[in-house]
Amino acid sequence: MQQPSSTLSQRGQVRRMTGLARQALEAYAVPAARVTPLKHVYNKTFRIATPSGEQYVLRMCHPRRTSVEVVQSELLWLAALRQDVGLNVPAPVQNKEMQYVTVITDVSVPRPYLCALFHWTTGRFLSRTLAPAHLLQVGELTARLHHHATQWERPAGFTRRRVDNLNPLRQERDDGFDETLAAQAIRAVAAVSTPQAGTVVAAVIQKVWAMLQALGEGPDTFGLIHADLHQRNYLFHNGRAGAIDFDDCGYGHWLYDLAVTLYCLTDHPHFAALKEAFLTGYRRSRPLSKEQETYLETFIALRTLQDLLWRIEERDQPAFRDRWHTQMLAGLQALREFIHQ
């Protein structure tokens, strides 16, 4: 009997998943290829290189992702973004059965893996060398994504969840921001920290809830968004920004999308200039009033809380075992500063 994947070291998990990636590739009309692990955190991704020089990315979704319709919907939006507006986003590849999603099984995991293959997306990732000119491009890209989402007619069966869920790992449900999840979040933080930390989380939730009620969910404030557009998910090629990793896309406020980008830049030494350029780029084609801009700090707090809850939930995974607690404390400190500002 195979050892359960959850008990393996990270190296052992990568080795097993690489074998499964090769199994998944058999479903595609791709010649014998070299399979190289890329990321092994939540989803598992692999770089696929064929003898002729073609390159792809194979993504194996986390076992919690069980709905073919949900993954299929992400890939349909990607295909539409490329066809309708020519954005530099991943091009999904259909398998031999002309389906975007391939399902494979592993006896060591009770649920199947949903896999997707993409053509390699060309571009450079930047982090500490990001300049305002780059964030201007990212702002323009985000506005184009939002504009397309407002105009695009969803195909029948299109299914994506809300992104403001207080349990980001609850992939297939659309619980939104309800009292039950709020109570669970408070208890989860208090259980691994202190009752005072739970009180901080409760105060943040109250502020976020009030904001969501004030904004409503009309088409001018709410729609289909990327929801994870940070500096490891946008890249630059030929003078324009592109985006990858639409795995978290779903329904949320336009401002949430902007807040995710800014949240991941808050430690950058030139954050103020990057923020100004990002919002300037966005405003070139999408309205964003100064009043709306004031909500960004609260959306950043929501994202901070979601990130904190995610790390607590995944703390036993090899990628998080050594650092989840330190990261949790940093997140709690940021939330304390938010409620006392």
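Taken across segment 26-36, residues that are of a type in the set (Gly, Ala, Ser), free of Cβ contacts under 8 Å to residues at least 24 places away in the same chain and open to solvent by 50 Å² or more (accessible area, probe 1.4 Å) do occur, with at least one present.
The one condition from (1) open to solvent by less than 60 Å² (accessible area, probe 1.4 Å); (2) at pLDDT 95 or above that residue 41 does not meet is (2). Residue 98 meets the conditions (1) among the hydrophobic types (A, V, I, L, M, F, W, C); (2) part of a strand (DSSP E or B); (3) on the phi > 0 side of the Ramachandran plot in every case but one. The failed one is (2). For segment 200-219, a tally of residues being touching a residue at least 40 places away in the same chain (Cβ under 8 Å) and in a loop (DSSP other than H, G, I, E, B) returns 1.
Cβ-Cβ below 8 Å, separation at least six or inter-chain, first residue in segment 116-132 and on the phi > 0 side of the Ramachandran plot, second surrounded by fewer than 17 Cβ atoms within 10 Å (Cβ to Cβ): which pairs? So the pair list comes out as 123/237.
Per the listing 280, 261, the residue uniquely touching a Ser or Thr at 6+ places or on another chain (Cβ under 8 Å) and assigned to a helix (DSSP H, G or I) is 261. The condition of being of a type outside the set (Phe, Trp, Tyr), open to solvent by less than 30 Å² (accessible area, probe 1.4 Å), outside any helix (DSSP H, G or I) and more than 24 Å from residue 131 (Cα to Cα) holds for only one of 319, 301, that being 319. Of the residues making up segment 242-276, those that are farther than 23 Å from residue 42 by Cβ and either of a type in the set (Asp, Glu) or open to solvent by 10 Å² or more (accessible area, probe 1.4 Å) (or both) are 254, 255, 268, 269, 270, 271, 272, 273, 275, 276.
Scanning segment 109-157 for residues that are open to solvent by less than 20 Å² (accessible area, probe 1.4 Å) and outside any loop (DSSP other than H, G, I, E, B) yields a count of 16. Given the structure, is residue 87 within 24 Å of residue 243 (Cβ to Cβ), touching a strand residue (DSSP E or B) at 6+ places or on another chain (Cβ under 6 Å) and at pLDDT 95 or above? Here the answer is no, as residue 87 does not meet what is asked. Give the residues of segment 283-298 that are in a helix (DSSP H, G or I) and either under 19 Å from residue 338 (Cβ atoms) or free of Cβ contacts under 8 Å to residues at least 60 places away in the same chain (or both), sorted by residue number. Result: 290, 291, 292, 293, 296, 297, 298. Residue 65 passes every criterion in (1) open to solvent by 30 Å² or more (accessible area, probe 1.4 Å); (2) touching a strand residue (DSSP E or B) at 6+ places or on another chain (Cβ under 6 Å); (3) modelled with pLDDT under 95 apart from (1).
Determine whether segment 306-318 contains at least one residue that is at pLDDT 95 or above and either aliphatic (A, V, I, L, M) or touching a His at 6+ places or on another chain (Cβ under 8 Å) (or both). Scanning segment 306-318 turns up no residue that is at pLDDT 95 or above and either aliphatic (A, V, I, L, M) or touching a His at 6+ places or on another chain (Cβ under 8 Å) (or both).
Scanning segment 39-78 for residues that are assigned to a strand (DSSP E or B) and free of Cβ contacts under 8 Å to residues at least 24 places away in the same chain, we see that the one that is farthest from the chain's Cα centre (by Cα) is 49.
Taking only segment 178-208 into account, find how many residues are within 11 Å of residue 166 (Cα to Cα), of a type outside the set (D, E, K, R) and open to solvent by 60 Å² or more (accessible area, probe 1.4 Å). Residues that pass the stated criteria total 2. Scanning segment 226-261 for residues that are aromatic (Phe, Trp, Tyr) and either in contact with a Pro (Cβ under 9 Å, 6 or more places away or on another chain) or closer than 19 Å to residue 133 by Cα (or both) turns up 234, 236, 246. Considering only segment 80-93, state which residues are within 22 Å of the chain's Cα centre (by Cα), surrounded by fewer than 20 Cβ atoms within 10 Å (Cβ to Cβ) and in contact (Cβ under 8 Å) with a residue 12 or more places away in the chain. Matches in segment 80-93: 80, 85, 87, 91, 93.
The values are calculated or read from the model by the stated rules, or taken from the named source; none is laboratory data. Note that the coordinates shown come from a computational prediction; the quantities given were computed from them, not determined experimentally. We place every Cβ from the backbone using ideal geometry, glycine too, and count neighbours over all the protein chains shown. For accessibility, only protein heavy atoms count, side chains too; no ligands or nucleic acids. Shrake-Rupley method; radii C 1.70, N 1.55, O 1.52, S 1.80 Å.
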